[in-house]
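Below is one structure, written out as structure tokens, with a few remarks after it.
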Amino acid sequence: MGGMANSTDTSTKTAPQASDETGRNANRSTTPGSEGFKEFIGTGWAEREEAIPPARAQAAFAAARRAKVSAAFGGIRLIIPAGDMKQRSNDTDYPYRAHSAFAHLTGWGSDSEPGAVLVLSPDGDGHTATVYFRERAGRDSEEFYANPAIGEFWIGARPSLAHVAADLAIETRGLADFEHVIDAVDTATLVLREADAAITDRVDHARIRFAAEQALSTNAADTPFSIEVGGDHEPDGELARVLSEHRLVKDEFEVGEMRAAIDATERGFTEVIAELPRITAEVRGERVIEGVFATRARLDGNDIGYRSIAAAGPHATILHWTRNDGAVVPGDLVLLDAGVELDTYYTADITRTFPVNGTFSPVQRQIYEAVLEAADAAFAVVRPGAVFRDVHAAAMGVIARKTAEWGFLPVSAEESLEPENQFHRRYMVHGTSHHLGLDVHDCAQARKSMYMDGVLEPGMVFTIEPGLYFQPDDLTVPAEFRGIGVRIEDDILVTEAGAENLSVRIPRTADEVEAWVAGATH
Ligand code: GLY
Ligand code: MN
Ligand code: MN
């Protein structure tokens, strides 16, 4: 990045121009400021030919999702921002990703514009949906050539309002018009607070202003009203909750995306296995694993869906090992927990544990087969009408029984399973399942009654991911168990008939895994 201009302010409201000498990196700006230059660079460009696309496949599904939200919030204005760029350091930002609720309700994923906002405005019995986003500037603007954050000379072509309107089958307006939405905010207006702090702040202020004006106009200036800037404004929480709960059951488009994300993830895992000779040759072999998988994620999708866990040997006992800087040594196991996130943002979340040299040792196999039994027991209870927490309970029954059989528990398996005991959880402290979709831990704001205590319905997608982790310094287990961690994680779809393991094709029995690795190493 050559730093021709002085500004990297990514704010959609106040992006400074080249003439702003206080902007970041003004000290290395080389942008010519002469009128002659401005005239020259602003002219001589061919007319743009822009094909207006047909609506994308997801558009009709997103419209149906919006209709459901509309029905839940009749007469209430809803503001659902995509969120803006987030600074990493100085003038570099993290890769942009729109908020999942915005993506869910617009169908706009990795090609969405930072700072966009979806507004559902009450209209008759329902709502009108409008997406506001920063219109591209003309070639005669300084933004075009002198704004590294948003200028097309720097970041490439940006879509027109007409293009996005046709693509998403939704009304679009320039971000400047969002001012009218702020002007129309009343005390009933709701905003998805976590998506964009600046917009949330503006809505809070607008609600206070509206309430104050109401109070004044009714001669009741001392009437208290309960909105605080930076507070929690509980009705906004209701919006976040409903949007989260609406994502618990996936529609047909989403199930297709989950299958595609899992297919891409399978390719990534297979490519990692194929690279085992290079992985074992490097000092930081775990980084090779991370990099090989990340390459597949960028080739087939938007990115990895979460930081990959590439954990060899005793690192596999560290649940969120993402430093990934260890060596990969023959004789050890590798635990790889990774998922490809597609351009639509739907992500897989898969774990496989495999022996580096292609053969499980007897104790590695013993542990592996116990975890597999727990996974299969959990899968066996999945069907419409079952309760989410029963899936975890089934896996825990096996984990308690195995660790008791092996003599690790101070009580029997039955006693350990009593809520006041739970000694077996020392070897698996995490839960067995979480919903999966646009977020790896999807539907995070759903109520417990809909999530952990929720009844399974066709279209739900969640993980089953039991594991056993014996820390290197755990004196409750024999020495040969220490430093071994195994997790098997699959992505499960609840169907009308029961359940489908969407990731079953990725080798998961001990014999399948050995054959998979052998194919790459022999
Ligand atoms: N990769 C995070 C999880 O499995 O939940
Ligand atoms: Mn998971
Ligand atoms: Mn995982």
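The values are calculated or read from the model by the stated rules, or taken from the named source; none is laboratory data. No experiment lies behind these values; they were computed from the predicted model shown. Cβ sites come from the backbone with ideal geometry, for glycine too, and all protein chains shown count toward neighbours.
Condition (residue is modelled with pLDDT of 95 or more, within 30 Å of Glu50 (Cβ to Cβ) and outside any loop (DSSP other than H, G, I, E, B)) applied to the range 199-220: is it met by at least one residue? Looking through the range 199-220, at least one residue is modelled with pLDDT of 95 or more, within 30 Å of Glu50 (Cβ to Cβ) and outside any loop (DSSP other than H, G, I, E, B).
List pairs: first in the range 403-417 and at negative phi and exposed (fewer than 14 other Cβ atoms within 10 Å of the Cβ), second among the aliphatic types (A, V, I, L, M) and in a loop (DSSP other than H, G, I, E, B), Cβ under 9 Å, 6+ apart or cross-chain? Pairs that qualify, where the first residue is at negative phi and exposed (fewer than 14 other Cβ atoms within 10 Å of the Cβ) and the partner is among the aliphatic types (A, V, I, L, M) and in a loop (DSSP other than H, G, I, E, B): there are none. Of the listed requirements (1) surrounded by fewer than 23 Cβ atoms within 10 Å (Cβ to Cβ); (2) more than 13 Å from ligand 2 (Cβ to nearest atom); (3) part of a loop (DSSP other than H, G, I, E, B), Gly431 misses just one: (2). Only one of the numbered conditions (1) over 27 Å from the mean Cα position of the chain (by Cα); (2) in a strand (DSSP E or B) is violated by Ala377, and that is (2). Applying the criterion of being without any contact (Cβ under 8 Å) to a residue 12 or more places away in the chain and within 16 Å of Phe153 (Cβ to Cβ) to the residues of the range 25-38, the residue that is surrounded by the most Cβ atoms within 10 Å (Cβ to Cβ) is Pro32. Out of curiosity, is Arg173 within 24 Å of His233 (Cβ to Cβ) and either more than 27 Å from the chain's Cα centre (by Cα) or surrounded by 16 or more Cβ atoms within 10 Å (Cβ to Cβ) (or both)? Judged against the criteria, Arg173 is not a match. Only residues that are closer than 30 Å to Arg241 by Cα and in contact with a helix residue (DSSP H, G or I) (Cβ under 8 Å, 6 or more places away or on another chain) were counted across the range 144-187, and they come to 13. Once the range 334-374 is narrowed to residues that are within 16 Å of ligand 3 (Cβ to nearest atom) and either in a loop (DSSP other than H, G, I, E, B) or on the phi > 0 side of the Ramachandran plot (or both), the residue that is surrounded by the most Cβ atoms within 10 Å (Cβ to Cβ) is Ala348. Within the range 469-515, the set of residues being touching a Ser or Thr at 6+ places or on another chain (Cβ under 9 Å), farther than 15 Å from Leu335 by Cβ and of a type outside the set (S, T, N, Q) comprises Asp474, Val477, Glu480, Arg482, Asp491, Ile492, Glu514. (1) of a type in the set (Val, Ile, Thr); (2) crowded, with 16+ Cβ neighbours inside 10 Å; (3) part of a loop (DSSP other than H, G, I, E, B): which one isn't true of Val391, the others all being true? Of the numbered conditions (1) of a type in the set (Val, Ile, Thr); (2) crowded, with 16+ Cβ neighbours inside 10 Å; (3) part of a loop (DSSP other than H, G, I, E, B), the odd one out for Val391 is (3).
Got a sec? Which of Ser433, Ser449, Ser416, Ser412 is out of contact with any Phe, Trp or Tyr (no Cβ under 9 Å at 6 or more places or on another chain), among the hydroxyl-bearing types (Ser, Thr, Tyr) and closer than 30 Å to Phe360 by Cβ? Can you show your working first?
Details: Ser433 fails: out of contact with any Phe, Trp or Tyr (no Cβ under 9 Å at 6 or more places or on another chain); Ser449 fails: closer than 30 Å to Phe360 by Cβ; Ser416 fails: out of contact with any Phe, Trp or Tyr (no Cβ under 9 Å at 6 or more places or on another chain).
So the residue among Ser433, Ser449, Ser416, Ser412 that is out of contact with any Phe, Trp or Tyr (no Cβ under 9 Å at 6 or more places or on another chain), among the hydroxyl-bearing types (Ser, Thr, Tyr) and closer than 30 Å to Phe360 by Cβ is Ser412.
Per the listing Arg259, Arg173, the residue uniquely modelled with pLDDT of 95 or more and closer than 30 Å to Glu496 by Cβ is Arg259.
Among the listed residues Asp473, Asp453, identify the single one that is out of contact with any Leu (no Cβ under 7 Å at 6 or more places or on another chain), more than 16 Å from ligand 2 (Cβ to nearest atom) and touching a residue at least 60 places away in the same chain (Cβ under 8 Å). Break it down stepwise before answering.
Details: Asp473 fails: touching a residue at least 60 places away in the same chain (Cβ under 8 Å).
The match here is Asp453.
Residue count for the range 89-137 under the criterion of being more than 17 Å from Leu175 (Cα to Cα) and basic (Lys, Arg): the result is 1. Residues of the range 300-323 that are surrounded by 21 or more Cβ atoms within 10 Å (Cβ to Cβ), within 16 Å of ligand 3 (Cβ to nearest atom) and closer than 17 Å to Glu286 by Cα: Ile304, Ser308, Ile309, Ala310, Ala311, His315, Ala316, Thr317, Trp321. Which residues, taken from the range 268-288, are part of a helix (DSSP H, G or I), touching a residue at least 40 places away in the same chain (Cβ under 8 Å) and charged (D, E, K, R)? Of everything in the range 268-288, just one residue is part of a helix (DSSP H, G or I), touching a residue at least 40 places away in the same chain (Cβ under 8 Å) and charged (D, E, K, R), namely Glu286. Out of all the residues in the range 289-300, is one or more acidic (Asp, Glu), away from ligand 1 (no atom under 15 Å from the Cβ) and free of Cβ contacts under 8 Å to residues at least 40 places away in the same chain? Scanning the range 289-300, I find no residue that is acidic (Asp, Glu), away from ligand 1 (no atom under 15 Å from the Cβ) and free of Cβ contacts under 8 Å to residues at least 40 places away in the same chain, so the answer is no. For His441, the conditions (1) in contact (Cβ under 8 Å) with a residue 60 or more places away in the chain; (2) within 16 Å of ligand 2 (Cβ to nearest atom); (3) under 23 Å from Arg259 (Cβ atoms) all hold with the exception of (1). Scanning the range 491-503 for residues being away from ligand 3 (no atom under 16 Å from the Cβ), of a type outside the set (Ser, Thr, Tyr) and in a loop (DSSP other than H, G, I, E, B) gives a total of 3.
It is to be established whether one or more residues within the range 76-87 are modelled with pLDDT under 95, more than 30 Å from Met258 (Cβ to Cβ) and in a loop (DSSP other than H, G, I, E, B). No, every residue in the range 76-87 fails to be modelled with pLDDT under 95, more than 30 Å from Met258 (Cβ to Cβ) and in a loop (DSSP other than H, G, I, E, B). Does Pro472 satisfy the condition of being over 22 Å from Ala510 (Cα atoms), assigned to a loop (DSSP other than H, G, I, E, B), touching a strand residue (DSSP E or B) at 6+ places or on another chain (Cβ under 7 Å) and not aromatic (Phe, Trp, Tyr)? Spelling it out, it is not the case that Pro472 is over 22 Å from Ala510 (Cα atoms), assigned to a loop (DSSP other than H, G, I, E, B), touching a strand residue (DSSP E or B) at 6+ places or on another chain (Cβ under 7 Å) and not aromatic (Phe, Trp, Tyr).
If you go through the range 444-490 and pick out every residue that is of a type outside the set (Gly, Ala, Ser) and within 16 Å of ligand 3 (Cβ to nearest atom), you end up with 13.
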